[in-house]
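Just so it is clear, none of the values below were taken in a lab; they were calculated from the coordinates. What you are looking at is a predicted structure, and each value in this text was computed from that prediction instead of being measured. Don't worry about glycine lacking a Cβ; one is built from the backbone with ideal geometry, like all the others, and counts go over all protein chains shown.
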Amino acid sequence: MRKIMASIDIGSSLIKLVVGEISKNGSLNVLASSCGPALGVKHSLVVDPEKLSRSLGSVFQKCEEALGQKISKVILCVPSLGCDFFMSEGSTTIVNEDGMIHSADVTHALQGCTYNKVEDDQEIVSIKATSYKVDGEKIRRSPVGIEAQNLAVRALVVTVPRKNILPFIKCLEKIGVEVIDFSLGIIGDYYEFQKGMMKDSVGAIVKVGYSSTEVAIFNNGLLTNTKVFNLGAINLLKDIIYTYHLTKNDARDVLNKLTSVSTHNSNGTARLKFTNTEGKTVEINDYEIAEIVSSRLIEILKIVKKEINHLTKKEIHYIMLSGGVSEMPSFSLLVEEVFGHEAKIGELKELGVRSNIYSSCVGLIKFYDEKLSLKNQDYGIFDDDELEVLVNSYTNGASSDRSILSTLFGYFFEK
């Protein structure tokens, strides 16, 4: 089966959708991606289902036009607001004919970790084993393939309020899209950027978005704590609006065109003129904007630094930053100023999604594939007939878009 999956991240500003195929070596080949305004969402929660459904329809249409096929199943990135963490234990008796532990036994033991332990108004977004006991003997590696009579597992379970998730699922169902699984977007960021020592140490993933900033602590690959506070790119806009009495659209224009967030890379020569809300003509240069923006971003980063110290007392070995704000020119200079050299900005390697706005989507596909691999399962969002349509749409030249993505798509589905 071709392991083709779709993942969607619905933020407070943008909806991001990615369709990709997991190759045999475990890498992700992006087949199509699209993004669009997230109308009807505020602070990562649905406030107007009708507006959000229309926004979702537009984003899906863009991707489906590129693929030549309807997308009917997705993995959903959900907000980490109200996250709850608890350790739990579960066990199962091994009744297989060969007497060996199979992947299904591990799943049964993990299910025991949640039985009668999750409140009705909560949904599980992550459950990961921290250790196993095989016939009473503790082991840390996967127990699959070991001869045994009993398997016990200790796991970290993460839940979020159901009310935070259901409105997103209902909006997707309204446009004919089924949510096959969901997890925290910040877990996707970790899986996208994890490398080297990150898998065996304690560190922080920081996502600076439009209306909020999220801080998450990972210990040996386990999400152990999170914090979300309402500061992000919207505060940069508010500062510009307040300083120059501009409309929101004009402030956004300033932020997009006078983009440097560091005064070191601004000399005041780039300028824009506007008529403000008071009817006065104002001229704004890049150095002035850099002063305003850098001041606010340093404030946000210092809050992040403080929150990291609150979330864990363990020594931090890495800090990885993501989110749309991390794409702003010279943002790395501010990061180094606040955190030093241990902090880095994540960088997507996948062709077709070279922006950190897609990191949660891309990483969550990898995370979902790992979950399936542990269960010795394969999955794809397209059946054989749908794959045939996809292949024909490209091999027969049905697509008039000869972009790199189109060319790659034809390659991946070559018979």
Binned at 20 Å from 0, what are the whole-percent values of the Cα-Cα distance distribution for the chain, short to long? 24, 53, 20, 2, 0
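Which whole-number percent gives the relative contact order of the chain, counting Cα pairs below 8 Å spaced six or more residues apart?
Relative contact order here is 19 percent.
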If you average the sequence gap of Cα pairs under 8 Å that are 6 or more apart and divide by the length of region 293-367, what percent do you get for the contact order? 32
What number in nm² do you get for region 37-189 if you take the convex hull of its Cα atoms and divide its surface by four? 11.5
C-alpha long axis of helix 233-244 to longest principal axis of the chain, angle in °: 10
Length released on extending from residue 314 to residue 120, taking residue separation times 0.36 nm less the Cα-Cα span: 66.6 nm
I need the calculated FRET efficiency for the pair residue 138 and residue 298, taking r as the beta carbon distance and R₀ as 45 Å, to the nearest 0.05. 0.45
Nitroxide proxy distance, nm - points 7 Å out along Cα→Cβ at residue 162 and residue 264: 5.1
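In the chain, what percentage of the DSSP-assigned beta bridges are antiparallel, given to the nearest 5?
Details: 62 of 79 bridges.
Looking only at bridges with both residues in the chain, the antiparallel portion is about 80 percent.
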Can you tell me the relative contact order of region 1-44? Whole percent, Cα pairs under 8 Å, sequence separation 6 or more. 38
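For an R0 of 35 angstrom, estimate the FRET efficiency from the Cβ-Cβ distance between residue 107 and residue 178 and round to the nearest 0.05.
The value I calculate is 0.95.
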Stretched fully, the stretch from residue 2 through residue 27 gains (0.36 nm per residue minus C-alpha distance, one decimal, in nm) 7.7 nm
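Could you tell me which of the pairs 227/313; 42/73; 42/207; 199/366 are separated by over 21 angstrom between their Cα atoms in the structure shown?
Where the Cα-Cα span goes over 21 Å, the pairs concerned are 42/73.
Give the calculated FRET efficiency between residue 373 and residue 81 to the nearest 0.05, with a Förster radius of 30 Å applied to their Cβ-Cβ distance.
Approximately 0.55, to the nearest 0.05.
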Starting from the Cα of residue 336, step 7 Å along the direction of its Cβ; do the same at residue 170; then give the gap between the two resulting points in nm. 4.9
Binning every alpha carbon pair distance of region 84-161 at 10 Å from zero, what are the percents per bin? 20, 49, 23, 7, 0
Under the 7 Å Cα-to-Cβ spin-label approximation, residue 245 and residue 257 lie apart by a distance in nanometres of 2.1
Radius, Kirkwood style, for region 176-243 when every pair of distinct Cα atoms is counted (Å): 13.8
From the P(r) of region 135-211, could you give the percentage of C-alpha pairs in the tail past 18 Å? 67
